[in-house]
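Structure first, commentary second.
The values are calculated or read from the model by the stated rules, or taken from the named source; none is laboratory data. As the structure is a computational prediction, the values presented were derived from the model and not from experiment. Note that we place each Cβ from the backbone using ideal geometry, even for glycine, and neighbour counts take in every protein chain shown. Please note that ligands, DNA and RNA were not included when accessible areas were found on the heavy atoms of the full protein model with its side chains. Shrake-Rupley method; radii C 1.70, N 1.55, O 1.52, S 1.80 Å.
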Amino acid sequence: MSDPVLATHQLSKRFGALCATDDVSIDLRPGEIHAIIGPNGAGKSTLIKQICGGLRPDAGKIMFLGRDVSGLDASARARAGLGRSFQVSELAMEDTVLENAVLGAIGAGAGPWRFWRAATRTAALVERAEAALARVGLTAQRDQVVASLSHGQRRQLEVAVALTLSPKAFIMDEPMAGLGAEGSKALTGFLDGLRSQAPILLVEHDMDAVFALADRISVLVYGKIIATGSADDIRTSAVVRDAYLGDAA
Amino acid sequence: MRMNETWVNALVLLGLVAVPGWALMVDEPFTITLATRAAILALAAVGLNIVLGIGGLVSFGHALFFGLGGYAMGILAFHAQTYSALDLGFIQIEGSTSMPVIWLVAMGVSALVAAVIGILTLRTSGVYFIMITLAFAQMFYYFAISWAQYGGEDGLSIYVRNGFPGLNTLAPIQFFGICFVVLCLVLLLNARVQASPFGLALNAARQSATRVEAVGLDPIKLRLVAFVLSGAITGLAGALFADLNRFVSPSMFSWTLSGELIVLIIIGGVGRLMGPVIGACIFVGLEHFLGGLTDFWHIYLGAILLCIVLFGRGGVIGLLTGKEGAHV
């Protein structure tokens, strides 16, 4: 078995008496989609924030591409190759779709210390941005302001910006949230193809999508991983059924 | 009424040249001085607009850089007119009455101070950033008051306007020309920077710092560079302002001036290229015409500001072009 791309080792985070992340060790292997599921308040977002660098864990470490990235801040981890999409869209709402994608291209390419040539007239940046927009199907909206996009299109743009970075791993926090049946079906198909480019750590509430996509699933309850396994393992696990899935699965 | 922003911008600049041009023909030198004042205040506000409009940082201490530029001019010219050396402790330098030299010193000192203050303050945001920038400006204000060597509270008069190679700077129209060309060059720089990768990233950091971090950029560094650039431009404006009045005083550091610069930008249009220029023209116009009628002309300025804040978030440019200003 190949080495994991991303791994957490005994990660812990407490907020006062609440243990939001309790000794979590998970990994993400090349070419896979690893889904993290769990009830509301299980600590999924807290875990993602620690992996991406928005929150410092109390104990444990995070390995990415064989390197300890625990001490790096969010932007340094992004530069190392961690691509991210957010639960609530984090986009420049007053800017156009193209400008948002170009921002990603700036981060991936020569950086922001260029002060003279217009960013949206720099061929290298625009080509990279347009390629990413084409992949998520936003080419027609390229000159629209983000604030005027539908919720689903904003989710697509989040993914497109992550794509411009050509990341070594994707961290996606509820990409299906609020998409509706059609939208989540389309995005499910898209993510399915994306895993061959880079593995995806997927936090998702949409169980149909999770069971359709995930190579492995980890179940997080009260900050603790109570089970990790294939979709079938998780579906039939008595522990998981008690703690989370209930009669739904 | 919807107008193309490029046309509005061109009209504003044309107006700013036409007024002193007319004044020259009918021999009204005071009107030229008013236009010069507007151009210089516009320049100072263009500097502030980079951090406030694009970067989203409400600096309530930009008079600090305006004052630094003013004192850079005052101190250099003072030593030149008294034929005394300026003793910096480790080195002694001559004063200067050359505008290009003074401008470079004013921008250099302002940029340096902006870098130090930026490093100390840019981790704060919102009301804390407003208060901490105000506090720094007040420190310099009180320091200037107590600095007896350069006039203390009374300020410092410079008897001769500084020189620019090939020009008679004492002729109001020629000095206006210098200020106007500097303003245009800085506006060009501003336009290019705003559209550049740096400007795009800075503008995105105002809207979502998390997004900018997620693409691997550091919002604090972007803001620091913007703050330094902004401070240097406002410092340059301060040097020109001191030359216009041939007088420097601690009032150039005062918080009311910091506030006026913010007001100029809000009236004109936050984050818009010509916002500060329109704002400065309106401000100087009101100050002159209403100030002649009543000492309480600020009431009318306040009413205008109130209307713009309540009904037109994009300022005057927003009203003319139908686009909203940047949200700060």
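Just one of the listed residues (A:MET207, A:MET172) is in contact (Cβ under 8 Å) with a residue 24 or more places away in the chain, out of contact with any Pro (no Cβ under 9 Å at 6 or more places or on another chain) and either closer than 16 Å to A:VAL88 by Cβ or of a type in the set (D, E, K, R) (or both), and it is A:MET172. Among the residues making up segment A:5-23, a single one is surrounded by 20 or more Cβ atoms within 10 Å (Cβ to Cβ) and not in a strand (DSSP E or B): A:VAL5. When restricted to residues that are more than 7 Å from every other protein chain (Cβ to nearest Cβ) and outside any helix (DSSP H, G or I), segment A:98-117 contains 3.
I'd like to verify a number: residues in segment B:28-52 that are more than 19 Å from B:PHE241 (Cβ to Cβ) and at pLDDT below 95, how many? Of the residues in segment B:28-52, 1 are more than 19 Å from B:PHE241 (Cβ to Cβ) and at pLDDT below 95. Pull up segment B:142-168, narrow it to residues that are of a type in the set (Ser, Thr, Tyr) and in a helix (DSSP H, G or I), then point me to the one that is surrounded by the fewest Cβ atoms within 10 Å (Cβ to Cβ). Among them, the one singled out is B:SER146. When segment B:119-130 is filtered for residues that are of a type outside the set (Val, Ile, Thr) and open to solvent by 40 Å² or more (accessible area, probe 1.4 Å), the ones remaining, listed by number, are B:LEU120, B:ARG123, B:SER125, B:GLY126, B:TYR128. The requirement of being within 14 Å of chain A (Cβ to nearest Cβ) and at pLDDT 95 or above is satisfied by B:VAL215.
Once segment A:118-130 is narrowed to residues that are within 9 Å of another protein chain (Cβ to nearest Cβ) and surrounded by 13 or more Cβ atoms within 10 Å (Cβ to Cβ), the residue that is nearest to B:VAL193 (Cα to Cα) is A:ALA118. Just give me the residues in segment B:131-141 being touching a residue at least 40 places away in the same chain (Cβ under 8 Å) and open to solvent by 60 Å² or more (accessible area, probe 1.4 Å), in sequence order. Listed by number, the list holds a single entry, B:MET131.
Can you say whether B:VAL248 is open to solvent by 30 Å² or more (accessible area, probe 1.4 Å), more than 26 Å from A:LEU91 (Cα to Cα) and either more than 13 Å from every other protein chain (Cβ to nearest Cβ) or more than 21 Å from the chain's Cα centre (by Cα) (or both), as far as the supplied structure shows? Before the answer, list the steps.
Values: open to solvent by 30 Å² or more (accessible area, probe 1.4 Å): no; more than 26 Å from A:LEU91 (Cα to Cα): yes; either more than 13 Å from every other protein chain (Cβ to nearest Cβ) or more than 21 Å from the chain's Cα centre (by Cα) (or both): yes.
No: the conditions fail for B:VAL248.
Looking only at residues of segment B:50-67 that are under 17 Å from B:GLY315 (Cα atoms) and out of contact with any Lys or Arg (no Cβ under 8 Å at 6 or more places or on another chain), we find that the one that is most open to solvent (accessible area, probe 1.4 Å) is B:VAL58. Looking across segment B:284-328, just one residue is of a type in the set (Val, Ile, Thr), outside any helix (DSSP H, G or I) and over 30 Å from B:GLN207 (Cα atoms), and that is B:THR294. If you check every pair at least six apart or on different chains, which have Cβ atoms under 9 Å apart with a residue in segment A:10-38 that is aromatic (Phe, Trp, Tyr) first and a residue that is open to solvent by less than 50 Å² (accessible area, probe 1.4 Å) second? Between residues of segment A:10-38 that are aromatic (Phe, Trp, Tyr) and residues that are open to solvent by less than 50 Å² (accessible area, probe 1.4 Å), the close pairs are A:PHE15/A:THR46. Which of the strands (runs of 3 or more DSSP E) found entirely inside segment A:24-97 contain at least 3 residues meeting this: open to solvent by 10 Å² or more (accessible area, probe 1.4 Å) and out of contact with any Pro (no Cβ under 6 Å at 6 or more places or on another chain)? Once the strands (runs of 3 or more DSSP E) in segment A:24-97 are filtered for at least 3 residues that are open to solvent by 10 Å² or more (accessible area, probe 1.4 Å) and out of contact with any Pro (no Cβ under 6 Å at 6 or more places or on another chain), what remains is A:59-64. Selection within segment B:82-118: residues that are more than 22 Å from B:PHE164 (Cα to Cα) and within 21 Å of the chain's Cα centre (by Cα). The member of this set that is surrounded by the most Cβ atoms within 10 Å (Cβ to Cβ) is B:ALA114.
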